[in-house]
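Notes for the one structure printed next.
The values are calculated or read from the model by the stated rules, or taken from the named source; none is laboratory data. On a predicted model such as this, the values are computed, not experimentally measured, just so you know. Here the Cβ is made from the backbone with ideal geometry for all residues, glycine too, and neighbour counts use every protein chain on show.
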Amino acid sequence: MLHVPVGANAFGTFLPSSTARPAGAQGTSVTPSTTSLAAATYAQILTALSTDAYGLLIAINSNSANNSTRRTVVDISIDPAGGTTYNVVIPNLIAGGAPSYVTEGMAQWYYFPIFIPRGSTVAARAYGTVTTAIRVMAWAMQQPINPASIRKGSFVEAIGLGSPVYDGTAITPGTATKSSWVPLGTTTKRLWWWQLGLEGTAADSSYAANSTIHLDLGVGDGTDPGTDMILRDFPIRVGSAAETYSSMPITVGCEWSVPAGSSLYVRAINAATNETGGYTVIAYGMGG
């Protein structure tokens, strides 16, 4: 179920990027580049917003296949003038293994309470291991009952990028207890809203079993006494039928103020045996 915040932060409407009948491939078709994100072609997903938006819910889907990892990242960009001169506001969203929109989990889901001014266009581009088109759908949260009460951001940092960036930071979840803390990197600006993304590695293209992985995100020094928890037991589902990864179709995330120059860490636990090669993870912090 789509979660729309209630109370003082309630929205009068949320605008979907597609009103078509739900299908396995839902939303705008985005063709990844296998060279780099800079080389990828943008696809417009929301055009000339009629009113300001105070949040963006994103569903990346249709990026999985049998015996294939399809490691991928997606940039979300805007042009406030309503054209095609885009500025990246949400970078490097993990999208590898995003399932069909009509299966369990439906998508790799992300939510950011980001401000997008009226008249803006919103677009997506992708970088990955194959050029097979994926789908990106978004909902713009609009017309809040009390705009002054809503905390909103303007940019997102991706922390834990690998080389290539879609590989993220390697992690092997524990299977009896949570793994040790793994360093992700350091924040460059003050950040306050958090999300996580996870996908498989090139070492394993055929998953052994359905599973669920819980991720913790922390800030500190990588020790249990010295690491404050930002996100606890953030769930990612792994599907073995078509090598899929999906998160929850609600606004999973939290507010936690983290100063610039802070060190981030992640740890995990798996409900089943880990896939060969483990997994990679990226954290997303929003500021502004």
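Number of residues in segment 100-146 that are surrounded by fewer than 19 Cβ atoms within 10 Å (Cβ to Cβ), closer than 12 Å to V30 by Cα and of a type in the set (S, T, Y): the value is 2. Looking only at residues in segment 22-69 that are in contact with a Pro (Cβ under 7 Å, 6 or more places away or on another chain) and part of a loop (DSSP other than H, G, I, E, B), the one that is farthest from S205 (Cα to Cα) is D52. Could you please find all residues in segment 229-272 being surrounded by 17 or more Cβ atoms within 10 Å (Cβ to Cβ), part of a strand (DSSP E or B) and among the small types (G, A, S)? Those that are surrounded by 17 or more Cβ atoms within 10 Å (Cβ to Cβ), part of a strand (DSSP E or B) and among the small types (G, A, S): G239, S246, S263, A268.
P183 falls short of the stated requirement of being surrounded by 16 or more Cβ atoms within 10 Å (Cβ to Cβ) and either more than 19 Å from D75 (Cβ to Cβ) or in contact with an Asp or Glu (Cβ under 6 Å, 6 or more places away or on another chain) (or both). S205 satisfies every condition listed in (1) polar (S, T, N, Q); (2) surrounded by fewer than 17 Cβ atoms within 10 Å (Cβ to Cβ); (3) not in a strand (DSSP E or B) except (2).
Checking each residue in segment 48-83 for being among the hydroxyl-bearing types (S, T, Y) and over 29 Å from G12 (Cβ atoms) picks out S62, S64, S68, T69, T72. Report yes if some residue within segment 138-153 is without any contact (Cβ under 8 Å) to a residue 24 or more places away in the chain, over 16 Å from the mean Cα position of the chain (by Cα) and not in a loop (DSSP other than H, G, I, E, B); otherwise report no. For segment 138-153, residues without any contact (Cβ under 8 Å) to a residue 24 or more places away in the chain, over 16 Å from the mean Cα position of the chain (by Cα) and not in a loop (DSSP other than H, G, I, E, B): present.
Residues in segment 154-199 that are out of contact with any helix residue (DSSP H, G or I) (no Cβ under 9 Å at 6 or more places or on another chain), acidic (D, E) and in a strand (DSSP E or B): 1 in all. Can you say whether A98 is closer than 17 Å to V238 by Cα, modelled with pLDDT of 95 or more, part of a loop (DSSP other than H, G, I, E, B) and not charged (D, E, K, R), as far as the supplied structure shows? Criteria met by A98. In this structure, does G119 turn out to be on the phi > 0 side of the Ramachandran plot and in contact with a Ser or Thr (Cβ under 7 Å, 6 or more places away or on another chain)? Answer is no for this residue. Taking the listed residues G160, G200, G220, the one that is surrounded by 15 or more Cβ atoms within 10 Å (Cβ to Cβ), closer than 19 Å to W109 by Cα and at pLDDT 95 or above is G160, with no other qualifying.
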